[in-house]
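The values are calculated or read from the model by the stated rules, or taken from the named source; none is laboratory data. This one's a predicted model, so the numbers in the text were calculated from it and none came from an experiment. Neighbour counts run over all protein chains shown; Cβ positions are idealised from the backbone, glycine included. What goes into the accessible areas is simple: the full protein's heavy atoms, side chains included, and nothing from ligands, DNA or RNA. Shrake-Rupley method; radii C 1.70, N 1.55, O 1.52, S 1.80 Å.
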Amino acid sequence: MSPATAWAVSGMSRNPDEAEPAHGAAASAPVSFEAHMLALLPSLRRYSRSLTRSDSEGEDLLQDCVEKALSSRAQWRGVNFKSWLYRIMTNLHLNRRRTLRRHPSVGIEEAEAMTAGGPGDPLEMKRLSLALEALPADARAVLMLVAVEGYGYREVAEMLEIPIGTVMSRLSRARQMLREQLAEENVIHLRRPR
Amino acid sequence: MNEEARVSEAELHAYVDGLLDEAERARIESWLAANPDAAAMIADWKTQNDRIRAAFAGHAKSMENDVRLIARGAAPKKTSSARRLQLAGAAAAIFAIGALSGHFAPRLLGQPQIELTYAEILPKEAQTAFLVYAGEVRHPVEVFAEEEAHLATWLGKRLAIDDLKVPNLQRLGFKLVGGRLLPVDGQPGAMFMYEDQAGERLTVLLGRNSQNRTTSFRFASVGEVETFYWIDGDLGYAVTGEVPRDVLRQVAEECYRQFPS
């Protein structure tokens, strides 16, 4: 596998925002900023939850993001509303994590990790949750934007205003780390002779 | 090989994320067929994607307080009544659409995942017990190994386990130090302590799982102290120590074999 160079391959783009409701002059009744945001809340909620350790932490982040977006609405350039919101949320989260690292608080929050609505074996969910916790926050964000939110690499780079090479290295890091954490060898399958 | 040499890691990611066209996909697939290690990695990455997606998909939902969330966000700037009206109108419209598409389904609280709760309590308590007692020099246990038969009867009675046997870990180089009664998830639980010749200790914890749900998985928790645990019917087991993971795992397997099913 040769590193670098390959960002140029075709088709590393995908923009899930293409399905965004139309806004602006074209729409007969312009959809308000708030209404547009309201429509995007479910996706934003999923993204915030995928970055955080618990439902309550996810809701906090979502709320901060909404406030921040409303207070800086003048900065929105009128395109890519959804990725603009995603950028705000990502930055809020990364800043918050940086602060938290100085005052780490795990405990009750962690105990709540990833239960609500999670399908499958709860222990496996817990393993996944712990493995995600172990990722650097920036790498996790890239992985979630790609795997859960469906963005292409180029779109993530533009959204977060980072070089595409950085997107790829964060993605790579996240996947390698997860692979180690989730490795089968960390599970023992016990057999009792019958 | 020429063609193969040109597969980059970036392309492998793009392959996993479904960002390649058909021709590129075919090229990657033929390369993967010749590179089993990479193919295994790709399979893992795909599984990761599926699991992550499944874990969070359910969170893409509207909630009752969404309108308030946005209204409150706008509050500091004194929401004008006009804006509020507009918002309410938009909310009504979106709600109508959402109701049709099932988007606004009432939040499913579902059943609490009690299994998870116990699965979280157990390793935590096991680690706490290890940290508290393994460091004790004079009083690591209440009943020492000399009274093993008494220890087994006593703890068996407290945990309501007929015929409780203290696991024998001699084969792995650990001899019994003794045991004690301690609370596990608010109920009487048992802890057995072992040490090897170098004095390295490990503990085996048993607790009643009132939820009475079997879990077939056991895993090593992350942390300074590692724990292998499993839940078997109405009993939970946890093996904890600061010994190499491989040793701990052998101990876990040995205990699993010896404990009554």
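Listed by position, the helices (runs of 4 or more DSSP H) enclosed by region B:1-51 that each have at least 1 residues that are facing chain A (nearest Cβ under 10 Å) and closer than 28 Å to A:SER129 by Cβ are B:9-16. If you go through region B:193-211 and pick out every residue that is outside any loop (DSSP other than H, G, I, E, B) and either acidic (Asp, Glu) or open to solvent by 40 Å² or more (accessible area, probe 1.4 Å) (or both), you end up with 2. Does B:ALA26 fit the bill of being over 30 Å from A:LEU44 (Cβ atoms) and open to solvent by 10 Å² or more (accessible area, probe 1.4 Å)? Yes; evaluated as a whole, the condition is true for this residue.
Yes or no, residue by residue, for (1) modelled with pLDDT of 95 or more; (2) open to solvent by 20 Å² or more (accessible area, probe 1.4 Å); (3) within 12 Å of the chain's Cα centre (by Cα):
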| position | (1), (2), (3) |
| --- | --- |
| A:LEU128 | no, no, no |
| A:LEU135 | no, no, no |
| A:MET144 | yes, no, yes |
| A:TYR153 | yes, no, no |
| A:GLU158 | no, yes, no |
| A:ARG170 | yes, yes, no |
| A:ARG179 | no, yes, no |
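For the condition in contact with a Gly (Cβ under 9 Å, 6 or more places away or on another chain) and buried (at least 20 other Cβ atoms within 10 Å of the Cβ), B:ALA152 does not qualify. The residues of region B:144-171 that are part of a helix (DSSP H, G or I) and either within 27 Å of the chain's Cα centre (by Cα) or of a type in the set (Gly, Ala, Ser) (or both), listed by number, are B:ALA145, B:ALA149, B:ALA152, B:GLY156. If the condition is being of a type in the set (Phe, Trp, Tyr) and open to solvent by less than 20 Å² (accessible area, probe 1.4 Å), then region A:60-90 contributes A:PHE81, A:TYR86.
Of the residues making up region B:52-71, those that are of a type outside the set (Val, Ile, Thr), within 8 Å of chain A (Cβ to nearest Cβ) and open to solvent by 50 Å² or more (accessible area, probe 1.4 Å) number 2. If you go through region B:212-239 and keep only what is at pLDDT 65 or above, open to solvent by less than 10 Å² (accessible area, probe 1.4 Å) and over 22 Å from B:GLU200 (Cβ atoms), you end up with B:TRP230, B:ILE231, B:GLY236. Checking each residue of region B:138-152 against the condition of being within 17 Å of B:TYR229 (Cβ to Cβ) and either touching a strand residue (DSSP E or B) at 6+ places or on another chain (Cβ under 7 Å) or not hydroxyl-bearing (Ser, Thr, Tyr) (or both) gives no match.
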